[in-house]
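Below is one structure, written out as structure tokens; comments come after it.
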Amino acid sequence: MIDILGYPFMQRALIAAVLVGIVCSVVGTYVVLKRLAFIGAGISHSAFGGVALGYLVGLSPIGVAIPFSLATAMAIGWVSRKGKMPEDTAIGIFFASAMALGVLFIGLREGYNVDLFGYLFGSILAVSVSDIWLILGLGLGVIAVVLLLFKEFFFLSFDEEMAAVSGLPTRTLYFVLLALMALTVIVSIKIVGIILVEALLVIPAAAAYQLTRNFVRMMLISVLIGLVSGVLGLFLSYWWDLASGATIVLTAAVIFFVCFLFSPRRRKRRVAAEQ
Amino acid sequence: MKRPVVVKMEDVWVSFDGNLALKSVDLEIEQEEFLGLIGPNGSGKTTLIKVILGLVKPDRGKVEVFGRPPDKLGPERPLIGYVPQKSQNDWNFPVSVLDVVMMGRYGRIGLVKRPSRADWDIARKALEDVQMQDSGDRQLGQLSGGQQQRVMIARALASQPKLLLFDEPASGVDIQGEEQFYSLLQTLKKERELTIVVVTHDIAVVSSYVEKLACLNQTLYSHAAPSEVLTADSLKKVYGCEVELLAHGRIPHRVVEEHK
């Protein structure tokens with residue numbers, strides 16, 4: 001196992017996997033509790049448009065995807081807040097359009113030889129040295145914002161109306177949370193892929209939710225599960241020569257099912273049902 | 001001597017998507033008034049509360065709470081405490097009772113900062129005031145309906161408000177619980193010098209406890225002592241149908257509606 005880490009690409013992939021495991025699980029805690037899973041899917045799929053645009057204009061795909069994803073996240077947030085149409089309808093329109101735009105951009109680029117599969121499902125070969133610095137910066141930034149606004153996001157997820165009554169700037173906080181989700185997607189693109197990052201936003205936090213009734217503990221357990229899934233999934237994908245995103249997500253899914261089966265919440269329900 | 005005015009509304013109109021919710025409402029609530037706001041379902045009671053909270057902006061008219069527009073209260077915003085209708089909360093949310101009460105202080109603590117020792121003391125005191133001090137570590141979902149409601153009151157108290165607003169506090173609580181609830185409010189009002197507004201469609205119980213009743217059905221029909229408000233005539237105006245009052249002692253204790 002140690003000798004694999006002799007490869008520089010594997011070292012970079014490992015750093016990316018660790019970071020992705022942590023950031024996705026932290027942000028995912030809010031995604032699960034505030035029921036933002038579908039918005040998360042919208043934001044992550046839209047990132048494909050940004051990546052493709054980067055290719056088309058010959059700039060760093062990830063670099064272009066950052067403003068692109070932030071802009072889509074704000075747009076989705078704005079539409080969902082306006083309430084002029086059902087939120088899920090709006091998101092459905094958004095993310096299909098952004099992905100179609102991506103396909104169009106890639107088609108426009110002459111003689112394309114993009115590793116599309118890698119962007120969609122993750123690849124351990126994909127993480128370059130400059131990627132590492134970018135995702136390290138973004139990942140730490142996301143975590144710093146979460147730590148700063150910890151109690152605000154806590155209240156926002158629990159009871160948004162009361163948070164507004166207490167004088168918290170809930171609208172701004174909601175948009176900041178969406179921006180954090182967009183940046184989390186960016187951090188995860190290379191190693192997990194656009195299609196699968198949504199799963200990592202949901203699964204570790206959902207698994208942790210099965211195990212505890214305490215918010216801080218839920219976030220910590222979620223991070224632990226995210227870390228284990230990221231690292232274990234990465235090694236499995238190396239040994240079995242699979243897409244890294246798929247193996248990381250499936251590892252997380254297996255952990256989820258184990259947590260679900262042994263959940264005290266579930267046991268309690270079963271006892272209640274028998275009575 | 002007239003007491004200072006805490007809430008002042010002049011000619012307030014609100015509509016949602018063309019549907020009128022409030023029509024030319026004038027209302028003055030004085031300091032340390034205990035007001036019951038009654039009216040049929042869909043009469044705009046919740047909207048009125050949300051206008052006072054600054055969550056709904058009127059289309060027309062003037063609103064002042066503590067002498068300022070409610071959405072511009074700034075650091076004085078925590079002076080308003082609010083206990084919402086048995087709520088939309090996810091009761092399975094991983095949060096302890098004491099954490100919920102502490103949330104009531106977030107507005108006072110300010111952005112980014114952490115709760116201090118004094119904040120925790122105030123939160124614990126609020127739990128004590130609703131006799132829930134032994135449940136601080138429990139998860140919210142483990143409590144009964146009545147206990148959860150008391151936690152919500154403690155959360156409102158934690159911001160050290162001067163004005164407390166309740167929206168349908170008694171829904172889902174039995175009669176005994178209801179009586180306990182109102183006597184708790186009376187105690188809190190005295191101890192903390194609160195102005196209290198309780199919105200309810202349950203005229204009978206609320207009128208035994210409050211000093212004043214206001215009848216709302218889009219517009220405000222009356223605002224006076226319960227004995228003056230609770231005449232068949234004025235209730236007929238508000239509810240739009242015959243309302244029969246069965247007097248029981250000093251104040252009516254039971255109301256029977258005969259819809260035609």
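The table that follows gives values for the structure above.
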| item | result |
| --- | --- |
| Sparse-neighbour loop sites [GluC sites (Glu not before Pro); the stretch B:122-210; at most 15 other C-beta within 10 Å; DSSP] | B:193 |
| Bins of 5 Å, starting at 0 and running to the largest distance - Cα pair percent for the stretch A:203-246 | 5, 26, 23, 15, 13, 11, 6, 2 |
| Equivalent ellipsoid, the stretch A:74-118 (semi-axes from 5 times Cα gyration tensor eigenvalues, Å) | 30, 9, 8 |
| Greater than 27 Å apart at Cα, pairs in B:162/B:236; A:84/B:236; B:8/B:45; B:8/B:190; A:82/B:8 | B:162/B:236; A:84/B:236; A:82/B:8 |
| Exposure proxy order (Cβ contacts within 10 Å, fewest to most) of B:236, B:50, B:8 | B:236, B:8, B:50 |
| Principal-axis tilt of helix B:175-192 within chain B, Cα atoms, nearest 10 degrees | 70 degrees |
| Net dipole in debye of the protein assembly as shown [+1 Lys, Arg Cβ; -1 Asp, Glu Cβ; about Cα centre; nearest 20] | 700 debye |
| Prolate/oblate/rounded label for the stretch A:49-156 (Cα gyration tensor, a/c 1.5) | oblate |
| C-alpha center-to-center spacing [the stretch B:1-55, the stretch B:96-122] in angstrom | 29 Å |
| Trypsin sites (Lys or Arg not before Pro) restricted to the stretch A:1-102 and DSSP loop, no more than 16 other C-beta within 10 Å | A:35, A:84 |
| Size of electric dipole in chain A: Cβ of Lys, Arg +1 and of Asp, Glu -1, about Cα centre, debye, nearest 20 | 880 debye |
| For chain A: span of alpha carbons on each principal axis (Å, largest first) | 64, 49, 35 |
| Most to least packed among A:174-187, A:207-220 [average Cβ atoms within 10 Å] | A:174-187, A:207-220 |
| Per-bin percent of Cα-Cα distances, the stretch A:122-167 [10 Å] | 24, 29, 21, 18, 7 |
| The stretch A:175-217: C-alpha gyration tensor shape, a/c 1.5 cut-off, then a/b vs b/c | oblate |
| Helical segments meeting 18 Å axial Cα length and Kyte-Doolittle 1.6 threshold in chain A (DSSP H) | A:8-33, A:87-108, A:129-148, A:170-192, A:215-240, A:244-261 |
| Whole-number percent relative contact order across the stretch A:168-226, with pairs defined as alpha carbons under 8 Å at least 6 apart | 23 percent |
| Chain A, helix-only ellipticity at 222 nm - DSSP H runs n ≥ 4, -39,500 (n - 2.57), divided by all residues, nearest 500 | -27500 deg cm²/dmol |
| Top positive-direction residue, dipole computed over chain B with Cβ charges, set B:122, B:219, B:204 | B:122 |
| Sorted by Cβ neighbour density within 10 Å, fewest at the top, the residues A:60, B:96 | A:60, B:96 |
| Shape of the protein assembly as shown, Cα gyration tensor, a/c cut at 1.5 | prolate |
| For the stretch A:171-275, radius of gyration divided by Kirkwood radius, i.e. Rg to Rh on alpha-carbons | 1.06 |
| For residue B:162, residues with placed amide H under 5 Å, excluding near neighbours | B:80, B:81 |
| Cβ charges +1 (Lys, Arg) and -1 (Asp, Glu), total dipole of the stretch B:58-197, debye | 660 debye |
| Vicinal HN-Hα couplings computed from phi for the stretch B:78-85 (Karplus, 6.51 cos²θ - 1.76 cosθ + 1.60; Hz; Gly/Pro x) | x, 5, 9, x, 9, 10, x, 4 |
| Likely footprinting exposure, A:201, B:98, A:147, fewest C-beta neighbours within 10 Å first | A:147, B:98, A:201 |
| Residue of A:46, A:80, A:222 that the Gaussian network model of chain A assigns the largest fluctuation, springs spanning Cα pairs under 10 Å | A:80 |
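Just so you know, all these numbers are worked out from the coordinates, no wet-lab data involved. Note that the coordinates shown come from a computational prediction; the quantities given were computed from them, not determined experimentally. As a convention, Cβ positions derive from the backbone with ideal geometry for all residues, glycine included, and neighbour counts pool all protein chains shown.
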